[in-house]
Every structure is written in C-alpha cells, then in structure tokens.
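Please read the structure below before turning to the comments.
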Amino acid sequence: MKHKSLAPWATGLACLVLVLSGTTAAQANLAGTPFDAADGNLVLDDETSDWFNVGVDCTPTLEMGCGVDKQTGQTDDSFGNGTKEDTAVPSVIDGSIPNNKSDLTRFYAKLRPESDGKVFAYLAWERVQEPTGTTNMDFEFNISTTLSNGVTPVRTAGDVLIKYDLSQGGTVPTLGYHLWVTTGVGRDVCEASNSVPCWGKVKPLKDNFEGSINTVSVVDPIAPDDPRRLSARTFGEAAINLTDSGIIPAGTCKGFSTAYLKSRSSDSFTAAVKDFIAPQPLGFSQCGRIDVVKQDDASPASALQGAVFTLYNDLAPVGTALGKEDTATPQTCTTGADGKCSFIDVDNGNYWVVETTTPAGHVTADPQQAILGTGGTVTLTFIDPRDFKVVVLVCKEADNSLYSSKVKVDGVEKYSLAAAPSGLTAAQLCGLEGAAYDDKGLGVHPAEVNIPQ
C-alpha cells in the first residue's frame, strides 16, 4: 500500500516516550477505561471495548488511526544510512527489510477521552514473524504535519516517543516515554545524544498503563483483509492514561496530529532504526483553534495578504470591548495569499483577535471576540475597507500653470499644488482628462466626491 499523505491537523502536543511496566492478561482493565489492553487480542471477550470497536479503520478511503506497511521485499521502505532515534531527519531507503521480527505489517493508534474526561492512548503493532530475541517497537507522535524527508514530519519540541520493548522473546512489555527537546546541554537533557535536539531522558508512567502481547494465535478482524490470523507474539498492545501520567495534563490544550510506528534493532537506544510504517492522522484534538479570514470591502471581496493578528486574553470584564485589562499572548498569525491564517493549540477560554498590522491601502478592522470550548474551532472574518486618495489640481487655463487653492474634502482643508513635482510639468498635470472642469472664476465652488463600491 502506498503511504497516505498527511492530513492537516490543528493540534500540538509535548514530545515524549513512555515506559510501561509489565501487566498480565489476568489483571483488570486500566482504571478509567473500558478498553482491554491486557488480553493480547483484538476482539471482545468479557469487556465492552477492544480493538474491534474502538474506532480505527484501515480501508483506503477511511484510514484513521491505522497504518499498513508496504509489502515485504524490494518495494518495502525503511530507515537506513545509520538512522537512529536521535537523527533529526531520518533517512528513508527502499528494499532492505527482510522477512523477520523487525518487519512490521500494521499499527493502530487511537486517542480519545473517556467518560470522566481523561484522555487515553490505545496502541497496537503487528509484525511478520515471531521473535527469537529482543524486540523493540517505537510509536512516534508528532505535532507538525510539515514533512522533513518527504515521509515523516519535522520534529518539534513537544513531540512524543513511546517505546515498546520485549526482552529476549518475553511476553511482558516494558514501555517508556521521551520528550523531543530542542534546548539545554545535551548531557543533561538527552537520553543518549551529546547535543540537542534529541529525545529527552526516559520518564516512567507508574500506574497509568497496561499492556500485553499475544501468546497464542489470534484473529485481527479489522478491514481490509479480514479476518487475518496472527501467530503468537506478532501482536502487541497497550493502553495509557495520558491525563494522569502528565502527558496531557487536565485542563491543558495538547494533542498530536499524526503517529507512526518503527522497529529498532536492539534494546539499546542508540541502535539503528529499521522498518517503519508511514505516519497516519489521528483525528483528535482537545485544543481550540481560531481561523481568521481577511478580506477587503469590494464586491466580490478580495483576499488580503500580509495582515498580522495578535491573540489577546479577554479578562474581566469579559466581552465588553478590548480594554487595558486585556493582555496580549505570544501568539500571532499572518494572512497568506488566500487571506487566511490560524491560531492553533489554543486553550479553552475567552479571547480577542486584534489586527496589529494592516495591509497598505486599507483601514484596520475592529477587534473581534473569540470564545473557545473543548476542541472547538471559531472562524472570524475581518473586513478592511479600502483606502482611496482624492487629488485636486487647480490650473490657470491661460498658461496651463498650477494655481494653489484652498480645498476642503470631508471637512478637512488643504491647499492644492503650487508647482509640479520633480519629473513632471505643470502643463502635463493641467492637461489630464477625467474629472476636469473649465471656465471657473475666482471664488468658492462646492464639490462632491462619491467613491462607489
């Protein structure tokens, strides 16, 4: 299957890698979720939620939270040229993954809030062969949808790496999480690298997870190609409480745009990274988003490029008008050629969107209020009236010379030109056609200028 293109997504998160201690299929589900990640299968047994009904789809037109690898062999791609976890831009090559434990076939990733509002991550992987030694899988969650190498996203501070390790063919997974860090001294902040950017030091999850792999053959009923039978130890899963673990703290705006799976050659964090399945959209965000549309007042309206907007906190008294009590946030957006820009990853709350730089030749639009609820999007259209310039010339017809005279437009008095500017002559200016009126004597001549839509 060809890799799908990344879908835009409003949503940003902190970058991390999760550590999961062992659980067994005999244990109860992770507190706060009905999903069973401790039974090592994909179907409903005695619980109410498993992969069969969690809401992932692998069909080409509906693919959501499911990644399917390219066929094993010369058409399969992988990471190469010594790519490791800390390699900021992984090198993608073709045809180097043999049919072995590192050869991935499919992954599932689902983020969703449960009944108490806490957010859980559900993860699963599938591979070609049962392992004979140490197995290492890594789920990478990225904020950005901009591609670094044509396939995987550019890493940004706040991205997350969840590593899923099985030692020497074992059946109890160990997980841990790392955050992608871009500042600091390498030896102090990095797991393995001597310099930033890098994956930060591993962080534990304590009691906020469960996980298992299949110890017997199981069926994957998720389309397409269903049902598919998976031999022992070729399927692994995990459930993680992202809220209580601090990955997405309660009341904060965090989310990931895409996720992808990769395999590593050993349990060493500095080992080479092998096969991967291209990133897939997650379709999840608890973050607010404000879309700005910038137009002029023409009919039909024209998009305006280069307008800069700043996001302000709307503090008490809320909703009256932008006041001295309202404070500017660091977030700005600048409209492109389509007249649009967006504030993404905005916490729920009350805001003002203020035009702080106006395109030349236009009048600044008034601020507008934006109220964001959970995961909501607000679209605001700002209309900048066009500016026009009225130039009045008074000419003495006898010799086509300029005659400076008092002019009043909209109550403002100015004087017309007394001499031609450099590069022009008075005769050239006085010879202009258009709204030209002759045979006027000294005195007042009332005028009206009507600038139409």
Exceeding the 22 Å Cα-Cα cut-off - candidates LYS201/LYS254; LYS163/LYS206; LYS340/LYS389; LYS84/LYS203; LYS84/LYS110: LYS340/LYS389; LYS84/LYS110
Charge dipole (the chain, unit charges on Cβ, about Cα centre) - positive-most of VAL216, LEU380, GLN74: GLN74
Distance between modelled label sites at LYS414 and SER148, nm, 7 Å Cα→Cβ extension: 5.5 nm
Cβ crowding within 10 Å averaged over residues, with 44-51, 366-373, 271-278, 406-413 ranked highest first: 271-278, 366-373, 44-51, 406-413
Exposure proxy order (Cβ contacts within 10 Å, fewest to most) of SER416, SER115, SER245: SER115, SER416, SER245
Prolate/oblate/rounded label for region 304-375 (Cα gyration tensor, a/c 1.5): oblate
Partners for LYS118 among aspartates and glutamates (Cα-Cα distance below 19 Å; same-chain residues under 8 apart left out): ASP36, ASP50, ASP207, GLU210, ASP244, ASP345, ASP347
Formal net charge of residues neighbouring ASP387 (Cβ-Cβ distance under 12 Å; K, R +1; D, E -1): -1
For region 280-285, Karplus couplings with θ = phi - 60° (6.51, -1.76, 1.60), whole Hz, Gly/Pro x: 10, x, 9, x, 9, 7
Cα-centre dipole for the chain with unit charges at Cβ (Lys and Arg positive, Asp and Glu negative), debye to 20: 860 debye
Region 168-212 and region 328-391: distance between their alpha carbon centers, rounded to Å: 39 Å
Ranked packing of 353-362, 438-447, most packed first, by mean Cβ within 10 Å: 353-362, 438-447
Global geometry of region 18-281, whether rounded, prolate or oblate, following the gyration tensor of its Cα atoms and the 1.5 cut on a/c: rounded
About the Cα centre, charge dipole magnitude for region 232-337 (Lys/Arg +1, Asp/Glu -1 at Cβ), debye: 500 debye
Packing-based ranking, highest mean first, of 177-189, 140-152 given that Cβ atoms within 10 Å are counted: 140-152, 177-189
Taking MET137, MET64 and counting other C-beta atoms within 10 Å, the order from fewest to most: MET64, MET137
Counting DSSP beta bridges with both ends in the chain, the antiparallel % (nearest 5): 90 percent
Environment charge of ALA316, counting only residues whose C-beta is closer than 14 Å and scoring Lys/Arg +1, Asp/Glu -1: -2
Only Lys, Arg (+1) and Asp, Glu (-1) charged, at Cβ; region 18-281 dipole about Cα centre in debye: 760 debye
Identified option (computed volume of the Cα convex hull per residue in Å³; candidates (1) 233; (2) 157; (3) 217): (3)
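Values in this text are rule-based calculations from the coordinates and carry no lab data. Being a predicted model, the structure only gives us computed values, none of them experimental. Note: ideal-geometry Cβ built from the backbone for every residue, glycine included; neighbour counts use all protein chains shown.
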